[in-house]
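Chemist: Pasting a structure here, questions to come.
The values are calculated or read from the model by the stated rules, or taken from the named source; none is laboratory data. In this text, all values refer to a predicted model and were calculated from it rather than measured experimentally. Methodologically, a virtual Cβ is constructed for each residue, glycine included, from the backbone with ideal geometry; neighbour enumeration extends over all protein chains shown. Note: areas computed on protein heavy atoms with side chains; ligands, DNA, RNA excluded. Shrake-Rupley method; radii C 1.70, N 1.55, O 1.52, S 1.80 Å.
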Amino acid sequence: MLGSYLAIPMILAPILYVRQKNNKDYFSEIDSKYYYLFPALFFVFFAISIALLYFNAIRPYSYYAVITVMATLILAQILFFPTARSRTVLILFQSSLLLLDLIWGVNLNYFFSIERTDSFFHSWMIQILVEEGTINESFDLYRAFPLWHILCAAIYKISAMDMSYYKAMYLINGLIFAAIPPGAYILARKLFTEEKIALLAALFVSFYPDVLKYGIAALARSPISFLGILLVITLLYHRSFAATLMAIAMTISIIVFHTVSIPFVLVVLAVLYLLQRIYVAISEHQTVDIDYMAFAVAAMLAYWMYISLDLFATLIGNIMASAPDEITATGVFLAPLNELFNYLHYSPLLFFLLIGTLESLRKDHISHTAKVICLAALLFTAFSFPGPSLLITKLGGNFNIDRFGEYVFFLIVLAVSLGFYTIYARSKRPLKSALIVLFMILVFLSVSNDFIASDNPLVKRPFYTFYLTEEEVNGFDHAGNTSKGFVMSDFITYRYMETTPYRERGHMLEVDPNSLDFLRSGPSDLILIRKGELGERPLRFLISEEGFIKRPSMSSVLEYYYSDNEQLWSSLEEYNRIYDSSSIATYI
């Protein structure tokens, strides 16, 4: 059943493409005097989206609808009017603004946006740099590549920002991601002769799931999304001295900026190189050649050996470790229909991608480089789209193959843009209208699914909300400052406490799965329950059948507990409640 979101477009796309492959391209264009009405309406709806963010504590569904209208207005400017330099600049600006609206509408809108909880650590590292001016042992593996934290700390100090460190981090990351739509446009222009395809690439990338995910998260590796585009752009140029220097500079930047990302980038480039070999006899230009691959691998290994030896230990540990017992995609089994709904936006993406790949292989006027990129995009959907690969615990758990989405999104966007342009241009008026409706559905589902919009998704998954309220943070700090023992809490609270002055008091709340009782080390330990979150979603605790574990390992089993587990929650009646708010309750 879960595979249906992939199976349906895999059946429909080839059928529709074959039926229309001989149709002539045509566009129903509107008189140019009406053009500026569309960007004017875009900015009106942009203002409405800001108002919705300002006047609502949680983003309402109407916000997603407004974003959908904004994206459709950009699409109309691309499809209904002839291209011109001034219009291109305006469309790119709107695409970047749309992306910023979606990114900052989450991480700057809520008190503390946490995404996958890594934000706690990265904002703490920035705080250390700003307040202490040193890279200490707290950086752990990031002592080998702290450039993201140094960049944020330097901008924070130079600009004298008056905001929290994590807000500054989100602000800086948003500005970097605002350059991705123009970057996607430049990359598409190098591959395709049609201006509209390049503009479509800028639009599609502004709401692509992985772009939104890492744009919101502001992780140390998030800027690699932009650096990766720059690297491929430089590789597309013929090997002049300047282009070679730029490619070397981009490669070294990725290695130094986030050295764990370079193996993923090299795998992507290796796939491009192997696919190029299919066309080597007639290829007019090799994007990736053996000389570049040799340099990139040598540079990576040299940096790892002489600067970051600990990374080798981590890599070997992952290779030798046994596969985790629990499937990483927990929601697939707990709520399969909920999971399926939150995958639906990938169906139209795959539909357009398949058409784009078929078109690139069939048409002689499309460059061999474009063919290679479309084929690579299709291959990488196996790793970047949710699907069977997420059920392979050895790969998914140990090697983080789900991260490939961050490094191949622009390949997929290029193929998707070609596919949308192809099918739209060859369709008659009724099907053109249907494709625009499909585009609107794609946008709406892309920005309202639980992976991106956990604050208020259309359908919730068994997962935590990706932000903390001020009241929750105040409750955490109160417990940490007053506790004489451990502060026993759920996974999110524990992750927060790891980066505070009272980090030694933080401990995962443990549950005996047989008796359904909470476990403590002693009577001085506090039990902290995020009851506000529990009213909406489950809380994640550590499972222990052997009594209290003072120092749980990273492989310890965690499990979600819902509010309807009466036996577990009724055990709290044995304790005294010493702190209570609408979000937090603390017991001793």
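Chemist: State the Cα centre-to-centre distance between segment 81-112 and segment 119-157 in whole Å.
Modeler: The distance from the Cα centre of segment 81-112 to that of segment 119-157 comes to 29 Å.
Chemist: Related question: Distance from a point 7 Å along Cα→Cβ of residue 34 to each backbone N in segment 74-99: keep the residues under 20 Å and list them by number.
Modeler: Those under the cut-off are 74-84, 87-88, 91.
Chemist: Now for a different question. How much accessible surface does residue 365 have with a 1.4 Å probe, in Å² rounded to 10?
Modeler: Here the accessible area works out near 140 Å².
Chemist: Using the Cα centre as the reference, give the magnitude of the dipole from point charges on the C-beta atoms of the chain (Lys, Arg: +1; Asp, Glu: -1; all else neutral), rounded to the nearest 20 debye.
Modeler: Values: 41 positive and 48 negative charges, 537 e Å.
Value, rounded to 20: 2580 debye.
Chemist: Direction-averaged shadow area of the convex hull around the Cα atoms of segment 460-588, nm²?
Modeler: Values: hull surface 30.2 nm².
Reported value for the Cα convex hull: 7.5 nm².
Chemist: Next up: Averaged per residue, what accessible surface does the chain expose to a 1.4 Å probe, in Å²?
Modeler: Per residue, the chain has an accessible area of 42 Å².
Chemist: Mind grabbing the accessible area of residue 86 for me, 1.4 Å probe, Å², rounded to tens?
Modeler: Estimated to the nearest 10 Å², residue 86 gives 70 Å².
Chemist: Another question, then. Evaluate E = 1/(1 + (r/R0)^6) for residue 543 and residue 582, where r is the Cβ-Cβ distance and R0 equals 41 Å; express this FRET efficiency to the nearest 0.05.
Modeler: Working: r = 29 Å, r/R0 = 0.70.
Calculated value: 0.90.
Chemist: Here's a follow-up. Charges on Cβ only, +1 for Lys and Arg, -1 for Asp and Glu, centred on the Cα centroid of the chain; of 522, 343, 35, which one is farthest towards the dipole's positive end?
Modeler: 35
Chemist: By how many degrees, between 0 and 90 and to the nearest 10, does the Cα long axis of helix 429-448 differ from the longest principal axis of the chain?
Modeler: Compared with the principal axis, the helix lies near 20 degrees.
Chemist: Between residue 41 and residue 536, how high is the FRET efficiency from 1/(1 + (r/R0)^6) when r is the Cβ-Cβ distance and R₀ = 30 Å? Nearest 0.05.
Modeler: The formula returns an efficiency of 0.30 here.
Chemist: Hey, another quick one. Under a point spin-label approximation (7 Å from Cα along Cα-to-Cβ), what is the residue 26-residue 111 distance to one decimal in nm?
Modeler: Rounded to a tenth, the inter-label distance reads 6.0 nm.
Chemist: Sorted by packing (mean other beta-carbon atoms within 10 Å per residue), highest first, where do 346-357, 482-493, 575-586 land? Mind dumping the intermediate values first?
Modeler: Details: 346-357: 25.3, 482-493: 21.0, 575-586: 16.0.
With the highest mean Cβ count within 10 Å placed first, the list reads 346-357, 482-493, 575-586.
Chemist: May I pose another question? Can you tell me the length gained on complete extension of the stretch residue 11 to residue 50, counting 0.36 nm per residue apart and subtracting the Cα distance? Write down the numbers at each step before the final one.
Modeler: On the way: separation 39, 0.36 × 39 = 14.04 nm, distance 4.01 nm.
My answer for the length gained is 10.0 nm.
Chemist: Taking R0 as 22 Å, what's the FRET efficiency between residue 143 and residue 471 from their Cβ-Cβ distance, rounded to 0.05?
Modeler: Working: r = 35 Å, r/R0 = 1.59.
The computed FRET efficiency comes out at 0.05.
Chemist: Same structure, new question: With n ≥ 4 as the cut-off for DSSP H runs, can you work out [θ] at 222 nm for the chain, using -39500 (n - 2.57) per run divided by the number of residues, rounded to the nearest 500? Working shown, then result.
Modeler: Numbers: 25 runs with 341 residues, N = 588.
Taking each H run of at least 4 residues, the total per residue is -18500 deg cm²/dmol.
Chemist: Stretch residue 162-residue 270 to full length: gain in nm at 0.36 nm per residue minus the Cα-Cα span? Mind showing how you got there, number by number?
Modeler: On the way: separation 108, 0.36 × 108 = 38.88 nm, distance 4.46 nm.
So the chain would gain 34.4 nm between residue 162 and residue 270.
Chemist: Okay, moving on. Ranked highest first by the average count of other Cβ atoms within 10 Å around their residues, in what order do 459-467, 63-71, 160-168 fall?
Modeler: Numbers: 459-467: 19.7, 63-71: 23.1, 160-168: 15.4.
Peptide ranking by packing, descending: 63-71, 459-467, 160-168.
Chemist: Only four residue types carry charge here, +1 at the Cβ of Lys and Arg and -1 at the Cβ of Asp and Glu. Report the dipole size of segment 403-510 about the Cα centre in Debye, rounded to the nearest 20. Show your work: numbers first, answer last.
Modeler: Working: 11 positive and 11 negative charges, 196 e Å.
Charge dipole of segment 403-510: 940 debye, to the nearest 20.
Chemist: In terms of the ratio Rg/(2.2 N^0.38 Å) built on C-alpha atoms, what value belongs to segment 66-191? Don't skip to the end; give the middle numbers.
Modeler: Values: Rg = 18.3 Å, N = 126, 2.2 N^0.38 = 13.8 Å.
Relative to the 2.2 N^0.38 Å estimate, segment 66-191 comes out at 1.32.
Chemist: Roughly how many Å is it from the Cα centre of segment 1-56 to that of segment 484-515, as a whole number?
Modeler: Taking the Cα centre of segment 484-515 as reference, the centre of segment 1-56 is 46 Å away.
Chemist: Specify which residue in the list 404, 300, 435 is farthest towards the positive end of the charge dipole of the chain, using unit charges on the beta carbon of Lys, Arg (+1) and Asp, Glu (-1), about the Cα centre.
Modeler: It is 435, whose Cα lies furthest towards the positive end.
Chemist: Then there is this: What do you get for the angle between helix 4-20 and the principal long axis of the chain? Use alpha-carbon atoms, 0 to 90 degrees, nearest ten.
Modeler: 10
Chemist: Segment 402-539: D in µm²/s via Stokes-Einstein (Kirkwood Rh, Cα pairs, 4 °C, 1.567 mPa s)?
Modeler: Details: Rh = 19.0 Å.
It diffuses with D of about 68 µm²/s by this estimate.
Chemist: Another question about this same structure. Give, as a single signed number, the net charge of other residues whose beta carbon lies under 12 Å from the beta carbon of residue 562, with Lys and Arg counted +1 and Asp and Glu -1.
Modeler: -2
Chemist: Packing-wise, with mean Cβ within 10 Å as the measure, how do 372-382, 429-439 rank, highest first? If you can, show how the numbers build up before the last one.
Modeler: Details: 372-382: 21.6, 429-439: 14.2.
Descending mean neighbour count gives 372-382, 429-439.
Chemist: Within segment 464-486, list the residues whose amide N lies under 13 Å from a label point set 7 Å along Cα→Cβ of residue 503.
Modeler: none
Chemist: By how many degrees, 0 to 90 and rounded to 10, does the Cα axis of helix 85-107 deviate from the longest principal axis of the chain?
Modeler: 10
Chemist: How large is the convex hull of the Cα atoms of the chain per residue, expressed in Å³ as a whole number?
Modeler: Details: hull volume 96.6 nm³, N = 588.
It comes to 164 Å³ per residue, whole-number rounded.
Chemist: Next up: May I ask which residue of 176, 485, 286 lies farthest towards the positive end of the charge dipole of the chain, with charges of +1 (Lys, Arg) and -1 (Asp, Glu) on Cβ and the Cα centre as origin?
Modeler: 286
Chemist: Could you name the lysines whose alpha carbon sits less than 22 Å from that of residue 371, not counting residues in the same chain fewer than 8 places away?
Modeler: 21, 24, 190, 196, 363
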